Amino acid sequence: MRHGPSALIPDPGLRFSSPLEYAKTLRTAHEATLSGAPHPLLPASLVESWQRSIALGINPDRHSPAHRHEVAEARSLGAGHRLASVVPALSQLLADESAAGRHLLIVTDHYGEVLWRIGSGSALRQADSLEFVEGADWSEAGVGTNAISEALISGNAAQLFSAEHLVRSHHDWACTAAPIRDPFTGDIVGILDVSGPIDSVTPDSLRMVRCGVRLAEELLRSEGATADPSRRAAVGHPCPGSTSTLFLRLLGDKPTAELDGCGALPVTLRRAEILALLASRTQGWSADELAYQLHGEDGAATAIRTEMHRIRALLGNVVEANPYRFAPGVTVLTDAMLVAQHLRAGRVHDAVAAYSGRILNRSATMAIELMRDELDQAVAASVRASGDAELISRWCSTDMGSDDSEAAMALARLMTTDDSRFQLVRARMDRIDRELRT
């Protein structure tokens, strides 16, 4: 019987011969390490990954992955991804969709976002409980240490078993992953992963995943096409001194970001709020300032740093730290800025045409609400001052101007009672009056 710290190290031979016993010993090592006493024989890379994950705000006790996109959006992205052509072959080689199937075949993009998952109904339901679904971010920043994140960071195949995962809810799983590379450039284009219950992993799991990677890369080679270089530059890492243009669509409820004209990328509301704040102030923001703006007194700088990591994963190094601000050479434009520019130039008609919705309409953050109200009031005042009945009528028909009682009254003064639009304006004024009385 072993005693002392070395007893924490499970016999690797038990991984396949006695997986439950192996997992039990691993959990003991996991608890000891998180309690502040990492065993010297545990792989340093594993402990370092746990430490990085915790620093990024990952909670080992209960942590759901970040979601870069909704499931439907992620499936749409997958349909247009260059790995879409190899997934059917990988499915034939590695997936098991039979009723007795226990493992999942997972394919992510080069950020670790799940784009495909294939398996039996029961395996999919187990994965649902972990939010291991399309659109979920399975990078280290998204969900902590796992085989996909290890493959992304190391660039090599990785196999994590039970409590080698940081998050405890993953301790019943074993995952084997390896990067798929562009056969012409060597860049990682995605991660192939096979995951299942700890007693479903076999000595052949790693070999089969590596075979799957070779198959995928050979199929990509036979297609003879590499990733669009301009697209890689847009979503990769702009070099210091290079020039880029970042266009943010902030009006309405579906924010996007587009770098150098290479296609609009959906962004979450929280990341859009951060980008909007960065665009509003040239001197930048500290992590604490952004945390307060977005979360109030309960805001944590670590949450901001995590979001910044994800913004860089999406757009590259467009933001520098200490303080957070857009990097030199990055020109930032937003659709809200374009509306304001039209107003400053006296092009009120163009401003109304460009004003497609309020700034981040779903945001309840005070700083965003102030930006939203400022632009709303500027457009409304300019429209009312124009004295143009056609323009005011168009403004009153928008969501932003539908409750503008001053504009409705101004329009009523400009129209005669025989104008067909008069009755609509009067009805709108009556409605506003009733709402004010209730």
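Scan segment 133-147 for residues that are of a type outside the set (G, A, S) and more than 16 Å from the chain's Cα centre (by Cα) and the total you get is 2.
Being under 22 Å from R281 (Cα atoms) and not hydroxyl-bearing (S, T, Y) is a description that does not apply to V348.
Those helices (runs of 4 or more DSSP H) of segment 249-317 in which at least 1 residues are touching a residue at least 60 places away in the same chain (Cβ under 8 Å), under 21 Å from R52 (Cα atoms) and out of contact with any helix residue (DSSP H, G or I) (no Cβ under 6 Å at 6 or more places or on another chain), considering only elements entirely within it, cover 301-315. For segment 35-48, the count of residues that are at pLDDT below 85, β-branched (V, I, T) and more than 18 Å from E150 (Cα to Cα) is zero. Taking V189, is it among the aliphatic types (A, V, I, L, M), closer than 19 Å to L314 by Cβ and at pLDDT below 80? For V189, the condition - among the aliphatic types (A, V, I, L, M), closer than 19 Å to L314 by Cβ and at pLDDT below 80 - is not met.
All of R75, R117, R62 fail the test of being surrounded by 14 or more Cβ atoms within 10 Å (Cβ to Cβ), of a type in the set (K, R), in contact (Cβ under 8 Å) with a residue 40 or more places away in the chain and assigned by TED's automatic domain parsing to the domain that holds A178, apart from R75. Residues in segment 235-248 that are assigned to a strand (DSSP E or B) and touching a helix residue (DSSP H, G or I) at 6+ places or on another chain (Cβ under 9 Å) were compared, and the one that is modelled with the highest pLDDT is L248. In the set (1) in contact with a Gly (Cβ under 8 Å, 6 or more places away or on another chain); (2) not assigned by TED's automatic domain parsing to the domain that holds T268, the condition left unmet by Y355 is number (1).
The values are calculated or read from the model by the stated rules, or taken from the named source; none is laboratory data. Being a predicted model, the structure only gives us computed values, none of them experimental. Backbone-built Cβ (ideal geometry, glycine too); neighbour counts: all protein chains shown.
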